[in-house]
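K.L.:
Okay, handing you the structure first.
The values are calculated or read from the model by the stated rules, or taken from the named source; none is laboratory data. Since the model is a prediction, treat every value here as computed from it, not as a measurement. All Cβ positions, even for glycine, are placed from backbone atoms using ideal geometry, and neighbour counts span all protein chains on display.
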Ligand SMILES: Nc1ncnc2c1ncn2[C@@H]1O[C@H](COP(=O)(O)OP(=O)(O)OP(=O)(O)O)[C@@H](O)[C@H]1O
Ligand SMILES: [Mg+2]
């Protein structure tokens, strides 16, 4: 799609993929951090990772398998907490452990079978060997994530404000909440192949954390987070490919650096200092 | 529905919290007419908050019949909540909460605006009006987290008035208010009741109730033990006496 600016096909595809993935993850990161469901996001990312590993081992479509696993986790948390009399936090910890165990078992096993190369992509991401269809799919999920927020803006912001107040003003909180988890699960599953299961979480939290340093309105956060994420991710892809560095890990490091700089420069922090 | 029909009618209602093995409210029957002012008293844990959330359909009714504003609460609580204001007990917001007062008050209309629709001029006008009713127009652009507890409570009150509710459920609305604010809110409530709105208020302070007959409801251990009309100055005595009643003997 961006061939007219970036003539090199590989670089062009990598930039497109990083752009769509980072924007989708970043708009959702605002929801994830503000509704305080980061541990759910975290666990879903790893479930998607485990799903992909199992799918790859069984020669099934890894993307479909990660969608199924991510969605399954989202809908398992509630019932698991009730049945096993665990706090949601503990059940998330458990699910996270199980997902990692399954993923690592299959990846290690595939390595002993000599299929290790593709499995490593699941861990650290791979922006080079992408099919055109995969990029289209990323563009679609990016649009879906943005449309989801635009269309349900009232409901989502009310839930961010407070779930019980949202319910008391007559919003159907449960369906919107589960739709949120579903869109997150879809996004996570589709971004997994390019960012990798170990680093995906950086994309799902850091953009909002950076935006939070400068914004005190939700609406600006929904714009600043994806903008910052897109700039960082595209820079990561361009620099990484130019100097033959691993793209996703490099970008994750960039994210962290920007976050630290943002915290140091944050106007909100200065206000806090002045108050004390 | 005719004007004389009760606006809230509960018949042998049982309410249970999710995961609880027995109902918290048992066998509640209550009938409240339009424009009544109801004071709900009773000790901590008696089920006052549970009663309010039963009326607006936020909790699961296991048995019985509940009709509020002509709507079956067990059928679609959302329809009920669009017409009933509910001020939650003890609310405080973090200083970093990314919402302005105006946004919070507008949120009160989100249910009535409906899914996939945007707020319109009339919605913003309702926000202005209810900010004015509570005398907090000057706070409109402030982040809610940076207001005092009492100011935050007024904002939530304005949020509930913004959707022109037929019924107002208030759970200890005075807990953070200074005496002037209390008197102000009481005058406002008296006016609302005068205009036909039904007000149910959970409170532990009965000194400045509006100067008109009120209904006092006393709860104990998930049951209603008193429900009757009386002049406002007798409310405290009735709640006190009920506290000394047989269930404490
Ligand atoms: N979320 C909950 N899950 C299970 N039980 C609950 C829950 N909230 C309240 N209860 C129980 O329901 C009973 C009634 O509680 P409720 O909050 O209605 O009391 P209250 O009369 O409002 O008390 P207070 O004056 O302290 O506000 C209590 O015994 C309490 O233990
Ligand atoms: Mg209570």
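K.L.:
Is there any pair linking a residue in the range B:71-99 that is more than 25 Å from residue B:201 (Cβ to Cβ) to one that is within 16 Å of ligand 2 (Cβ to nearest atom) and in a loop (DSSP other than H, G, I, E, B), with Cβ under 9 Å and at least six apart or on different chains, and which?
P.N.:
none
K.L.:
Among the residues of the range B:118-135, how many are assigned to a loop (DSSP other than H, G, I, E, B) and either closer than 14 Å to residue A:157 by Cβ or within 11 Å of chain A (Cβ to nearest Cβ) (or both)? Show your work before the answer.
P.N.:
Residues of the range B:118-135 that are assigned to a loop (DSSP other than H, G, I, E, B), as a first pass: B:118-120, B:134-135.
Checking the rest, the ones that are also either closer than 14 Å to residue A:157 by Cβ or within 11 Å of chain A (Cβ to nearest Cβ) (or both) come to B:118-119.
The number of residues fulfilling the criteria is 2.
K.L.:
Residue by residue through the range B:72-86, note down the ones that are facing chain A (nearest Cβ under 7 Å) and away from ligand 1 (no atom under 16 Å from the Cβ). Walk me through how you get there before you give the answer.
P.N.:
Let us first name the residues in the range B:72-86 that are facing chain A (nearest Cβ under 7 Å), namely B:78, B:81-82, B:86.
B:78, B:81, B:82 - these are the residues of the range B:72-86 that are facing chain A (nearest Cβ under 7 Å) and away from ligand 1 (no atom under 16 Å from the Cβ).
K.L.:
Check B:37, B:99 and return the single one that is touching a helix residue (DSSP H, G or I) at 6+ places or on another chain (Cβ under 8 Å), away from ligand 1 (no atom under 16 Å from the Cβ) and over 25 Å from residue A:154 (Cβ atoms). I'd like the intermediate steps shown before the answer.
P.N.:
Details: B:99 fails: over 25 Å from residue A:154 (Cβ atoms).
Only one candidate passes the filter, namely B:37.
K.L.:
Being in contact (Cβ under 8 Å) with a residue 60 or more places away in the chain and within 14 Å of chain B (Cβ to nearest Cβ) narrows it down to one residue among A:218, A:204; which is it?
P.N.:
Values: A:204 fails: within 14 Å of chain B (Cβ to nearest Cβ).
Of the residues listed, the single one that is in contact (Cβ under 8 Å) with a residue 60 or more places away in the chain and within 14 Å of chain B (Cβ to nearest Cβ) is A:218.
K.L.:
May I pose another question? Looking at the range A:163-180 only, could you name the residues that are away from chain B (no Cβ under 11 Å) and buried (at least 23 other Cβ atoms within 10 Å of the Cβ)?
P.N.:
Matches in the range A:163-180: A:180 only.
K.L.:
For the range A:193-227, name all the residues that are part of a helix (DSSP H, G or I) and closer than 14 Å to residue A:263 by Cα.
P.N.:
Our first condition is that a residue be part of a helix (DSSP H, G or I); within the range A:193-227, this holds for A:193-195, A:200-212, A:218-227.
A:206, A:207, A:208, A:209, A:210, A:211, A:212 - these are the residues of the range A:193-227 that are part of a helix (DSSP H, G or I) and closer than 14 Å to residue A:263 by Cα.
K.L.:
Just to verify a result, which residue in the range B:8-53, among those that are away from ligand 2 (no atom under 15 Å from the Cβ) and on the phi > 0 side of the Ramachandran plot, is nearest to the other protein chains (Cβ to nearest Cβ)? Give the derivation first.
P.N.:
Just the residues of the range B:8-53 that are away from ligand 2 (no atom under 15 Å from the Cβ), to begin with: B:8-14, B:16, B:18-23, B:26-38.
Subset that is on the phi > 0 side of the Ramachandran plot: B:12, B:19, B:27, B:35.
Working: B:12: 25, B:19: 6, B:27: 25, B:35: 22 Å.
Here the answer is B:19.
K.L.:
Continuing with the same structure: Taking the criterion of being in a strand (DSSP E or B), away from ligand 1 (no atom under 16 Å from the Cβ) and under 16 Å from residue B:30 (Cα atoms), would at least one residue in the range B:223-240 satisfy it? Steps first, answer last, please.
P.N.:
If we filter the range B:223-240 for residues that are in a strand (DSSP E or B), which is where we start, we get B:223-230.
This time we only want the ones that are away from ligand 1 (no atom under 16 Å from the Cβ), so: B:228-230.
Next, only the ones that are under 16 Å from residue B:30 (Cα atoms) stay: B:228-229.
Checked against the condition, which is being in a strand (DSSP E or B), away from ligand 1 (no atom under 16 Å from the Cβ) and under 16 Å from residue B:30 (Cα atoms), the range B:223-240 yields at least one hit.
K.L.:
Exactly one of (1) under 16 Å from the mean Cα position of the chain (by Cα); (2) more than 16 Å from ligand 2 (Cβ to nearest atom); (3) closer than 30 Å to residue A:84 by Cα is unmet by residue B:58. Its number?
P.N.:
With respect to (1) under 16 Å from the mean Cα position of the chain (by Cα); (2) more than 16 Å from ligand 2 (Cβ to nearest atom); (3) closer than 30 Å to residue A:84 by Cα, residue B:58 is out only on (2).
K.L.:
Take residue B:14 and tell me if it is crowded, with 17+ Cβ neighbours inside 10 Å and within 16 Å of ligand 1 (Cβ to nearest atom). Reasoning before the result, please.
P.N.:
Numbers: crowded, with 17+ Cβ neighbours inside 10 Å: yes; within 16 Å of ligand 1 (Cβ to nearest atom): yes.
Considered against the rule, which asks whether it is crowded, with 17+ Cβ neighbours inside 10 Å and within 16 Å of ligand 1 (Cβ to nearest atom), residue B:14 comes out as yes.
K.L.:
When you go through B:151, B:89 one by one, which is the residue that is in contact with a helix residue (DSSP H, G or I) (Cβ under 9 Å, 6 or more places away or on another chain), more than 12 Å from every other protein chain (Cβ to nearest Cβ) and more than 22 Å from residue A:152 (Cα to Cα)? Give the steps one after another, and end with the answer.
P.N.:
Numbers: B:89 fails: more than 12 Å from every other protein chain (Cβ to nearest Cβ).
Exactly one of B:151, B:89 is in contact with a helix residue (DSSP H, G or I) (Cβ under 9 Å, 6 or more places away or on another chain), more than 12 Å from every other protein chain (Cβ to nearest Cβ) and more than 22 Å from residue A:152 (Cα to Cα), namely B:151.
K.L.:
May I ask you to list the residues in the range A:127-136 that are surrounded by 15 or more Cβ atoms within 10 Å (Cβ to Cβ) and in a helix (DSSP H, G or I)?
P.N.:
Result: A:134, A:135.
K.L.:
While we're here: Name, by its number, the condition in (1) within 14 Å of ligand 1 (Cβ to nearest atom); (2) within 14 Å of another protein chain (Cβ to nearest Cβ) that does not hold for residue B:57.
P.N.:
Of the numbered conditions (1) within 14 Å of ligand 1 (Cβ to nearest atom); (2) within 14 Å of another protein chain (Cβ to nearest Cβ), the odd one out for residue B:57 is (1).
K.L.:
Return a yes/no flag: does the range A:189-199 have any residue that is within 14 Å of chain B (Cβ to nearest Cβ) and either surrounded by fewer than 20 Cβ atoms within 10 Å (Cβ to Cβ) or under 30 Å from residue B:90 (Cα atoms) (or both).
P.N.:
Let us first name the residues in the range A:189-199 that are within 14 Å of chain B (Cβ to nearest Cβ), namely none.
No, because not a single residue in the range A:189-199 is within 14 Å of chain B (Cβ to nearest Cβ) and either surrounded by fewer than 20 Cβ atoms within 10 Å (Cβ to Cβ) or under 30 Å from residue B:90 (Cα atoms) (or both).
K.L.:
Can you tell me which condition residue A:151 does not meet? The list is (1) touching a helix residue (DSSP H, G or I) at 6+ places or on another chain (Cβ under 9 Å); (2) within 12 Å of chain B (Cβ to nearest Cβ); (3) free of Cβ contacts under 8 Å to residues at least 40 places away in the same chain, and all the others hold.
P.N.:
Every listed condition holds for residue A:151 apart from (1).
K.L.:
Could you identify the single residue in A:77, A:141, A:160 that is within 12 Å of chain B (Cβ to nearest Cβ), within 19 Å of the chain's Cα centre (by Cα) and assigned to a helix (DSSP H, G or I)?
P.N.:
Numbers: A:77 fails: within 12 Å of chain B (Cβ to nearest Cβ); A:141 fails: within 12 Å of chain B (Cβ to nearest Cβ).
One residue alone meets the criteria, A:160.
K.L.:
Consider residue A:68 carefully, then state whether it is surrounded by 16 or more Cβ atoms within 10 Å (Cβ to Cβ) and modelled with pLDDT of 90 or more. Walk me through how you get there before you give the answer.
P.N.:
Values: surrounded by 16 or more Cβ atoms within 10 Å (Cβ to Cβ): yes; modelled with pLDDT of 90 or more: yes.
Here the answer is yes, as residue A:68 does meet what is asked.
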